[in-house]
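The values are calculated or read from the model by the stated rules, or taken from the named source; none is laboratory data. These figures come from a predicted structure and were not determined experimentally. Here Cβ is always computed from backbone atoms with ideal geometry, including for glycine, and neighbour counts include all displayed protein chains. Side chains are part of the model used for accessible areas, which takes the heavy atoms of the whole protein and leaves out ligands, DNA and RNA. Shrake-Rupley method; radii C 1.70, N 1.55, O 1.52, S 1.80 Å.
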Amino acid sequence: PDPIAGLHIDCLAWIRLAVDPVFQQTVLIDAPAVLGWQRWRELNEQTNLGWFRTDLSYAADQGLLDHAQVDVFAHIVLAAVNEVAMMIARAPDPAAALAGAESAVTEFLSRLLGRP
């Protein structure tokens, strides 16, 4: 019933993976190096970007944003959560970084979709 719930769940699921050392190494470090940045981005767009587009389309259906903005907002969210995941992965204490990141991502999404 809440149009940002799916987006929130998807974003938090992605950044929570960044505390796992195996995920950090294979997905965030090795994959772009082995596959190349362009191919890594294509794969990221086929998964996360698709989820974010779906979530934001639902929010647009509920009147929280213009349908014309869905694609751009999906790219903005993708860029933001990818950067947050990298920040967590590089932190001296990824678990501590995750706590602050979850709060910030929640606030970001609320503001993006006009929620107090």
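State all residues of region 53-68 that are open to solvent by 30 Å² or more (accessible area, probe 1.4 Å), assigned to a helix (DSSP H, G or I), in contact (Cβ under 8 Å) with a residue 12 or more places away in the chain and not acidic (Asp, Glu); if no residue qualifies, say none.
At the first step, the residues of region 53-68 found to be open to solvent by 30 Å² or more (accessible area, probe 1.4 Å) are 53-54, 57-58, 61-64, 66-68.
Filter once more, keeping what is assigned to a helix (DSSP H, G or I): 53-54, 57-58, 61, 67-68.
Next cut, in contact (Cβ under 8 Å) with a residue 12 or more places away in the chain only: 53-54, 57-58, 61.
The answer is Arg53, Thr54, Ser57, Tyr58.
State whether the residues of region 69-88 include one that is open to solvent by 20 Å² or more (accessible area, probe 1.4 Å) and over 24 Å from Pro3 (Cα atoms).
yes
Can you name the condition, by its number, that Leu17 falls short on among (1) within 17 Å of Leu113 (Cβ to Cβ); (2) touching a Phe, Trp or Tyr at 6+ places or on another chain (Cβ under 9 Å); (3) of a type outside the set (Ser, Thr, Tyr); (4) open to solvent by 70 Å² or more (accessible area, probe 1.4 Å)?
Single failed check for Leu17: (1).
Only one residue in Val34, Val27 is open to solvent by 90 Å² or more (accessible area, probe 1.4 Å) and in a helix (DSSP H, G or I), so which one is that?
Values: Val27 fails: open to solvent by 90 Å² or more (accessible area, probe 1.4 Å).
Val34 is the lone residue from the list that is open to solvent by 90 Å² or more (accessible area, probe 1.4 Å) and in a helix (DSSP H, G or I).
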